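No value in this document is a laboratory result; all are computed from the given coordinates. In this text, all values refer to a predicted model and were calculated from it rather than measured experimentally. All Cβ positions, even for glycine, are placed from backbone atoms using ideal geometry, and neighbour counts span all protein chains on display.
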Amino acid sequence: MLVSLLAVGCSSTPKEQASAEKKAVGGTDEQIFLGDTIEKNYDPNVIMKRGEAFFDKEEYSEALVEYNHFLDLHKTHVLAPYAAFKIGESHFKMAKSIDRDPEPLNKAITALERMRKDFPGSRYDAQAQQKIQECHDWLAQMHLFVGQFYYRRESYLAAAHRFEQIMKIYPDKPVAPDALYFLALSYHELGADDWAADNLTLLAEKYPTSKVAADGRSLMAKLGNKKSDTMIAKDSSATPFSDARPYAPSSSSPDLPAIPNAASAFSANVLGQSFTACRLGAWC
């Protein structure tokens, strides 16, 4: 009797263990990563599950492989728009901060715009539009970050170029008032106070309630006092400032002064500083 009971117990244990192991694997969907069968490589549900599993684990590079694999094989599948959206979202998730490489954001914009083109009117269209705007918000902040970095390093011309780019590409973004104020500061540091005043006037007119509006008014007052002192000095001086050139607004940007061309738009005397022409034709 004892022997028979042991025999029954021993015979049932492996089955129970196998059943428990199978249940554990099935509960976590880990079976989609096991084996290398044709079904697992081509079945749309399996491919999508792998992509979602990688995405949930924040392994976005691996998720991209699966989502792209899904689209390569199943472009007309009902989940194809979703896979295309997840490609853009994966690139977006790979962006770390505003002081890092903007390439993931550019790839996200490209992927999401392609998704909207390939699957017009899909249920993910509104989400794609929102993500694209978030990407542009990040890129605008990156331009501001880089411009402020150049400004702190006293590379005022390079800083002005970044701030000007923000005003041309992202005039409606939250960083626009800061960019306009720092653009005026950069011109002031370069000695181009007339251009600085033009930007401060635009700041007061277009962003009167921004957090830098008061700083802009203070700088404008400072420029006004300096201009008055300059006029008095010029009246008492026998030698006029003959190298000065009048400011001509850029035809491509009527509301903002264009970044001066280093080779022809102004001389070193106009800026009140001595510059050295670099090999690339820019002022250093």
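What to note about this one:
- Enclosing the Cα atoms of region 29-139 in their convex hull gives a volume equal to 96 cubic angstrom per residue.
- Table column - 3J(HN,Hα) (Hz), region 131-138, Karplus curve with 6.51, -1.76, 1.60, x for Gly and Pro: 5, 4, 5, 5, 4, 5, 4, 4
- For K75 and F145, the FRET efficiency from 1/(1 + (r/R0)^6), where r spans their Cβ atoms and R0 equals 41 Å, is about 0.60.
- Gain upon complete extension [T201, Q130; 0.36 nm per residue less C-alpha separation]: 22.3 nm
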